[in-house]
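Q: Okay, here's the structure, questions in a sec.
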Amino acid sequence: MSATVRALLLERDDDGPVRAGVTELAPATLPGGDAPADGEVEVAVARSSLNYKDALIVTGAGGPLVRDFPHVPGIDLAGTVTAVGAGVDPSVAAVGDEVLVTGCWLGERRWGGMATTARVPASWLVRRPADLDAARAMALGTAGFTAQLCCDALAHGGVAPGSGTVLVTGATGGVGSLAVHLLARSGHTVAAATGDPDAAGRLHDLGAAEVLPRAELEELAARPLASARWAGVVDVAGGAVLAGALVSTAPRGVVAACGIAGGRRLDVDLAPFFARGVVLAGVDSVLHPMADRPGVWARLATGVEADVLDRLTTTVDLAGVPAAAHDLLARGGRGRTVVTVA
Ligand SMILES: NC(=O)c1ccc[n+]([C@@H]2O[C@H](COP(=O)([O-])OP(=O)(O)OC[C@H]3O[C@@H](n4cnc5c(N)ncnc54)[C@H](OP(=O)(O)O)[C@@H]3O)[C@@H](O)[C@H]2O)c1
């Protein structure tokens, strides 16, 4: 490990604004002090990424997501194991392993991926798939992992290619873009709902067969039922968009709900459930079982075309994160943002 750790550090006095700046930290300030604690590892971080939740944390708009300051953000990371604490099974982690971490409260309750060194429990590690370098792993990142979990939820509920059109909301954002592409590439007919009137070309390039304004869903939200259009739904918006999607889902359809970009309350008539048997499936990437994660990453790594991923991705360095975070919340996501850490 180098003599210091370069990190994006967030500081906050009482209820004041969050201040973000790049700084050099003494390694002993990391969790564990001078060395990784028992059961933990040290990772030389190559890349992190900027997700919606990171944007909330970095700008201070996230309320209670982070309670203790100073804090290093970054809810995901890709890097190389450089030291292993006592009691770590060598089959779980060894020096030199190429790994990634998403969720598990990284960047929320534990210092995160936006620093050249991170210390995390060995049990949080996933081996980085061999066909993904660190940059592409984080171009996928938490958003890609969540998009794959949503696709898996649809498949688990019996929504197979050919079942009918699958709707994706928030389609220009990180989770939405990758869900559109994954679903289209696996043979689904995809409708992409967006609030961006200029996004149709980009969404068709990702594989969407149809693009609709998100207002069309919001207008349906107060109805008990609307025309049955969707065999399945991946929803990142919540609120009225999710309500509109539910009332327009076909009998036995599955709605995978993972996000709150448009609202965290759901006010909807129950008719989709009792009259059409629609299934509302919640998706949580943070505490998704570790044993299942390598399989999710393997499906994700092969499900996304590398050149499509590269076109979706913008790169910033640590110093560029605060401006990118404000921009993401102000304009909505535009694909994915990778953070170059080292
Ligand atoms: N459950 C989980 O484990 C999990 C994991 C990752 C993310 N998430 C959640 O998923 C959501 C999306 O995350 P992300 O990283 O993809 O964020 P993102 O890149 O910022 O994308 C969010 C998208 O939501 C749409 N949107 C913005 N404001 C909206 C509004 N007022 N009403 C409806 N839609 C709106 C926009 O797409 P259009 O302009 O195309 O409509 C925007 O691009 C967030 O709520 C995030 O917290 C949950």
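Values in this text are rule-based calculations from the coordinates and carry no lab data. Everything numeric in this text was worked out from a predicted model, so none of it was measured. For neighbour counting, all protein chains shown are included, and Cβ atoms are generated from backbone atoms with ideal geometry for every residue, glycine included.
Q: For T165, which sequence-distant residues (separation of 5 or more, or a different chain) have an amide H within less than 5 Å of its own amide H, given hydrogens modelled in the peptide plane?
A: A231
Q: Let me ask something additional. Using θ = phi - 60° and the Karplus form 6.51 cos²θ - 1.76 cosθ + 1.60, what ³J(HN,Hα) does each residue of the range 158-167 get, whole Hz, x for Gly and Pro?
A: Along the range 158-167, the couplings run x, 8, 9, x, x, 6, x, 6, 10, 9 Hz.
Q: Counting only other residues whose beta carbon sits under 13 Å from that of T142, what net charge do I get with K and R as +1, D and E as -1? Intermediate results must be reported in sequence, preceding the final value.
A: Working: positive: R47, K53, R293, R336; negative: D54, D76, E108, D284.
Spelling it out: positives minus negatives among the neighbours equals 0.
Q: Taking the Cα atoms only, what angle lies between the long axis of helix 293-303 and the longest principal axis of the chain, rounded to 10 degrees?
A: It is inclined by approximately 60 degrees.
Q: A further question follows. Using modelled backbone amide H atoms (1.01 Å from N, in-plane), which distant-in-sequence or interchain residues come within less than 5 Å of A83's amide H?
A: Close amide H contacts, sequence-distant or interchain: E42.
Q: Tell me, what HN-Hα J-couplings in whole Hz come from the Karplus equation 6.51 cos²θ - 1.76 cosθ + 1.60 at θ = phi - 60° for each residue of the range 234-242, using x for Gly and Pro?
A: 10, 10, 10, 8, x, x, 5, 5, 5
Q: Now a separate question. Taking Cα pairs under 8 Å and at least six residues apart, what relative contact order does the chain come out at, in percent? Could the numbers behind the result be given before it?
A: Numbers: 834 pairs, mean separation 63.3, N = 342.
Rounded, it is 18 percent for the chain.
Q: Amide H of A46: which non-local residues (sequence gap of 5 or more, or other chain) have their own amide H closer than 5 Å, using H built in the peptide plane?
A: Hits under the 5 Å cutoff: A78, G79, T80.
Q: Work out how much length R67 to A215 would gain on full extension: take 0.36 nm times their residue separation and subtract the Cα-Cα distance, in nm to one decimal.
A: Value of the extension gain: 49.7 nm.
Q: Among V95, V168, V247, which one shows the biggest mean-square fluctuation in a GNM of the chain, springs joining Cα atoms closer than 10 Å?
A: V95
Q: Kindly write out, for the range 15-25 in residue order, the coupling ³J(HN,Hα) from the Karplus curve 6.51 cos²θ - 1.76 cosθ + 1.60 (θ = phi - 60°), rounded to whole Hz, with x marking Gly and Pro.
A: Here the 3J(HN,Hα) series is 9, x, x, 7, 9, 10, x, 7, 8, 9, 10 Hz.
Q: Extension gain R331-D15, at 0.36 nm per residue separation less the Cα-Cα distance, in nm?
A: Numbers: separation 316, 0.36 × 316 = 113.76 nm, distance 2.58 nm.
Residue separation times 0.36 nm, minus the Cα-Cα distance, leaves 111.2 nm.
Q: By how many nm would the segment from A3 to A306 lengthen if fully extended, with 0.36 nm per residue of separation less the alpha-carbon distance?
A: Values: separation 303, 0.36 × 303 = 109.08 nm, distance 3.56 nm.
Full extension of this stretch gives 105.5 nm more.
Q: Let me ask something else. Could you work out Rg/(2.2 N^0.38 Å) for the chain, with Rg from alpha carbons only? Don't skip to the end; give the middle numbers.
A: Numbers: Rg = 20.2 Å, N = 342, 2.2 N^0.38 = 20.2 Å.
Scaled against compact globular proteins, the figure is 1.00.
Q: Run the dipole for the range 142-282 about the Cα centre, Lys and Arg Cβ at +1, Asp and Glu Cβ at -1, nothing else charged, and hand back the magnitude in debye, nearest 20. Walk me through the intermediate numbers first.
A: Values: 9 positive and 11 negative charges, 62 e Å.
About 300 debye.
Q: Suppose every Lys and Arg Cβ carries +1 and every Asp and Glu Cβ carries -1, with no other charges. What dipole size does the chain come out with about its Cα centre, to the nearest 20 debye? Could the numbers behind the result be given before it?
A: Working: 27 positive and 36 negative charges, 131 e Å.
Charge dipole, the chain, about its Cα centre: 620 debye, nearest 20.
Q: Just name one of A135, T80, V278: the one whose Cα is farthest towards the positive end of the charge dipole of the chain (beta-carbon charges, Lys/Arg +1, Asp/Glu -1).
A: V278
Q: Taking N as the number of residues in the range 142-282, what is its Cα Rg relative to 2.2 N^0.38 Å? Working shown, then result.
A: Values: Rg = 13.1 Å, N = 141, 2.2 N^0.38 = 14.4 Å.
So the Cα radius of gyration is 0.91 times the expected 2.2 N^0.38 Å.
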